[in-house]
Structures are given as C-alpha cells and as structure tokens.
C-alpha cells in the first residue's frame, strides 16, 4: 500500500509541475497538455459606466494558408465562442457600440498553446480607455489607447 501511495504522490507532484505556465513553450507534449487543461481564456475588465452589452469582440485570422473566418467571441454581455487555437497571424478586434476601438494582434508559431487574453475598457471624463494584453508563449502588451468623446460612440 505504501508503494501505491508513493507512486500516486509522485505522479501528482509531477503533474502539478508539468502544468506550470513556464513550461508552455514550443511544440511539446506538455504544451498540448496545458492547452487541454487550460485552453485559451478571455477576461474583460470594465468600470460601471461601460455597458458590456454594447461590447463586441471578434477574432480574425490573417494567414493566407489557413482556412479561417471571422469568429465573434464576445457579444451581448457574454462570451459566446472560445478563442480559436490557430497557428499564424491573428487578432482580436474590439468594438463598442458598433465602432472599432482597438485590437490585440498575435502571431503564434504553434497551434495548440494556452494563452490568457485580457481586455480592459474604462470610461472617465467623457473619454474611453482601451488596453489589451496576451499572456502566454506568444505574448502581446499594447500601449493603452484613449478615445475622446464617449458621446460619439
């Protein structure tokens, strides 16, 4: 029984280390395991002035040799599709009240890699502040963008 507990403990500890985000690199079995466990996640931060029902996020693939299409990820205040895991150039395009307010580009060298996509949209003093970030093997952190006159949106 002790041998079984030791084997089980070893497998559990090795599994925890295998899922550490720092090992999510390249095209390895650990990368595929992490993608299976974590997948791509989307988090959206807003203040109470922003109406999430007016927010829409689309995923667009820009690579010529991959058959892909525009996919609506977030609409009507909720996430309706997962962010696809494709290799190549792609981006999330963010719309507020049907106006394009920003984008978060990415170039992925490997198809199955887990990423965290973060969108922040804040409104203050009649201005809209947008920023986007991708955490993972193909990261991106764009400069915050300010759009004046929220009334025009």
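Bear in mind that the values in this text are calculations on the coordinates, not laboratory data. Since this is a predicted model, take the numbers as computed values, not measurements. Ideal geometry is used to build each Cβ from the backbone, glycine not excepted, and the neighbour counts take in all protein chains shown.
Summary of values
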read-out: Length released on extending from residue 98 to residue 10, taking residue separation times 0.36 nm less the Cα-Cα span; value: 26.4 nm
read-out: Sorted by Cβ density within 10 Å, fewest first, the residues 94, 11; value: 11, 94
read-out: Residue 62/residue 111 FRET efficiency (R0 22 Å; Cβ-Cβ; nearest 0.05); value: 0.90
read-out: Hypothetical label at residue 54: residues of the range 68-87 whose amide nitrogen lies under 15 Å (7 Å Cα-Cβ projection); value: 76-77
read-out: Likely footprinting exposure, 2, 146, 46, fewest C-beta neighbours within 10 Å first; value: 2, 146, 46
read-out: Antiparallel bridge percentage (DSSP; both residues within the range 40-152; nearest 5); value: 85
